[in-house]
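Enquirer: One structure is given below, represented as structure tokens, and several questions about it will come after.
Just so it is clear, none of the values below were taken in a lab; they were calculated from the coordinates. None of these values were measured; they are calculated from a predicted model. Cβ coordinates were reconstructed from backbone atoms using ideal geometry, including for glycine residues, and neighbour counts include every protein chain displayed.
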Amino acid sequence: MRAQVLQEFNKPYVPKEIDKPGPPQGKDILIRVKAASYCHTDAVFAAGSMWQDLPRVGSHEFAGEIIALGPDVDAKLGLSIGVDVGVPGRAYRPCGECYECRENDGDPEGYGVWCTKAGNLGLTRDGGFEEYALADSRQVAPMPDGLTAVDTAPLMCAGVTIWNALEVAGVNLRGGDNSGFSVAIIGAGGGLGHLGVQFAVKLGCKVIAVETGDNALKLLDKVKTGLGKDSDQVTIVDAGSTTPEDVRVQVFGTPESSLEGEKGAHGALILPESQQAFDFGMKLLRNHSTCVTVSFPIDGFRLQPRDLVFRHIKLMGVLVGRNRHLRAMLRFAAAHGVRAHVVTYSLERLNDLVRDYHQGASGKLVVDMEKR
Ligand SMILES: [Zn+2]
Ligand SMILES: [Zn+2]
């Protein structure tokens, strides 16, 4: 079968014919890949900045059709041959015994999304840049009607992570009223950010979408226009020319003297790795609010404990999400027209995709297996 294999760090992928995976064992399923998306983590991995070995077929967010099921796949998962599924790179074959696997808050029995003994597709196991891939039946979700494989793939890492981050920030994802809730998204014009803006608006929130740089701001304008009548819930902020203090006054009005902490966002999502992004987000928050960071800069963030202590701000981290997040996010995206802005490439042109990614292409870059 056709595949793109990373054989050396800091080198292009190598197009190759490799063996198709054998019949799925245990709880595994075999998938004919239809679309596979490129994530920032693929770039970090290809640069040799992680700990996993080569050679490897990348992509941990993809989608395709089930063509075979292992003998132990649980019927309760609703998976069968011919069903299209989205595949996130969460736990592949977790241990089933550790704390994550036992205390899993409603995920399938013995399945721990954050099990540290599990494999990860695209990192420790081959991922989606190939014609056929194995996945763990418990890590996937059926694609709802209305979403294509190209729509679904970029939601499998970016989508589920930002959805979970919105919940952690305090947004009600279960149909509650969010009209009084404001969320600041720092890095709103990136892969996760532009999905977060759409989800938050469609969930009823007021959104402060913070970005710098022409490409990302242009994408944000497009996203805002695409929201139609809901677009007035979004304030786009160019962090290069606006201070957080100005943004607070612009969005929430001038506070009474000494009561600045009463005006500001209820939640902030920090998506870029820069200290400026972290500081900008913290400054937009009101007292008793929540700062959620999804990025993990190698040198860390410097934080002001005074903010956490005197202003009672909670600081939380988020990585992907549980099956309930995954399935709810997909249903919501299908029902409310939330879509990543994508550019598609054939599998053969994966290295062009990578070049465009490093040149700052906006939105999500996706391999469409039907494209030649
Ligand atoms: Zn990812
Ligand atoms: Zn485990």
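Enquirer: Rounded to two decimals, what ratio of Rg to Rh does the chain give with C-alpha atoms and a Kirkwood Rh? Numbers along the way, then the final one.
Expert: Working: Rg = 20.6 Å, Rh = 21.1 Å.
Using Cα coordinates only, the ratio equals 0.98.
Enquirer: Grab the other residues whose beta carbon is less than 13 angstrom from that of Val367, score K and R as +1, D and E as -1, and report the net. All intermediate terms of the calculation are to be shown ahead of the outcome.
Expert: On the way: positive: Arg2, Lys34, Arg349, Lys364, Lys371, Arg372; negative: Asp42, Glu61, Glu130, Glu131, Glu348, Asp352, Asp356, Asp368, Glu370.
Spelling it out: positives minus negatives among the neighbours equals -3.
Enquirer: Out of Met282, Met143, Met50, any idea which swings most in a Gaussian network model of the chain, alpha carbons joined below 10 Å?
Expert: Result for the chain, Cα springs under 10 Å: Met50 fluctuates most.
Enquirer: For region 1-151, give the share of DSSP beta bridges that are antiparallel, in percent and rounded to the nearest 5; count only bridges with both residues there. Numbers along the way, then the final one.
Expert: On the way: 27 of 28 bridges.
Close to 95 percent.
Enquirer: Quote the relative contact order of region 1-105 in percent (integer), defining contacts as alpha-carbon pairs under 8 Å separated by 6+ residues.
Expert: Numbers: 167 pairs, mean separation 28.6, N = 105.
Result for region 1-105 is 27 percent.
Enquirer: Would you please state the base-10 log of I(q)/I(0) at q = 0.13, 0.15, 0.17 1/Å for region 159-317, with intensities from the Debye formula using one equal scatterer on every alpha carbon?
Expert: Cα-only, vacuum Debye calculation for region 159-317: -0.53, -0.72, -0.95.
Enquirer: Now for a separate question. Residues with amide H under 5 Å of Tyr132's amide H, sequence separation 5 or more or different chain, H placed in the peptide plane at 1.01 Å from N; which?
Expert: Val33
Enquirer: Under the classification rounded if a/c is under 1.5, otherwise prolate if a/b is larger than b/c and oblate if not, where does region 1-118 fall, given a ≥ b ≥ c as square roots of the Cα gyration tensor eigenvalues?
Expert: Details: a/c = 2.15, a/b = 1.31, b/c = 1.64.
Because a/c hits 1.5 or more and a/b fails to exceed b/c, region 1-118 counts as oblate.
Enquirer: When DSSP assigns beta bridges and you keep just the ones with both residues in the chain, what percent turn out antiparallel, to the nearest 5?
Expert: Numbers: 30 of 58 bridges.
So the antiparallel bridges in the chain amount to around 50 percent.
Enquirer: I need Thr225, Thr148, Thr290 ordered by Cβ neighbour count within 10 Å, fewest first.
Expert: Details: Thr225 9, Thr148 14, Thr290 20.
Placing the least packed residue first, the sequence is Thr225, Thr148, Thr290.
Enquirer: Using only helices, what value at 222 nm comes out for the chain when you add -39,500 (n - 2.57) per DSSP H run of length 4 or more and divide by the total residues, to the nearest 500 deg cm²/dmol?
Expert: Numbers: 11 runs with 100 residues, N = 372.
About -7500 deg cm²/dmol.
Enquirer: Okay, next question. Only counting other Cβ atoms within 10 Å, I'd like Glu262, Glu273, Glu211 sorted with the fewest neighbours first. Walk me through the intermediate numbers first.
Expert: Numbers: Glu262 12, Glu273 17, Glu211 28.
Least to most surrounded, the residues fall as Glu262, Glu273, Glu211.
Enquirer: Given the convex hull over the Cα atoms of region 175-223, what projected area results after averaging over all orientations, in nm²?
Expert: Values: hull surface 12.4 nm².
Taking a quarter of the hull surface, the average projection is 3.1 nm².
Enquirer: Calculate how large, on average over all directions, the projected area of the Cα convex hull of region 237-355 is; give the answer in nm² to one decimal. Mind showing how you got there, number by number?
Expert: Details: hull surface 44.3 nm².
Projected over every direction and averaged, the Cα hull of region 237-355 covers 11.1 nm².
Enquirer: Take the Cα gyration tensor of region 68-223, multiply each eigenvalue by 5, square-root it, and list the three semi-axes largest first, rounded to whole angstrom.
Expert: The equivalent ellipsoid of region 68-223 has semi-axes of 31, 19, 16 Å.
Enquirer: Something else now. For the chain, what is the charge dipole size about the Cα centre, in debye to the nearest 20, if Lys and Arg each add +1 at the Cβ and Asp and Glu each add -1 at the Cβ? It would help to have the intermediate numbers written out before the result.
Expert: Values: 40 positive and 45 negative charges, 59 e Å.
Charge dipole of the chain: 280 debye, to the nearest 20.
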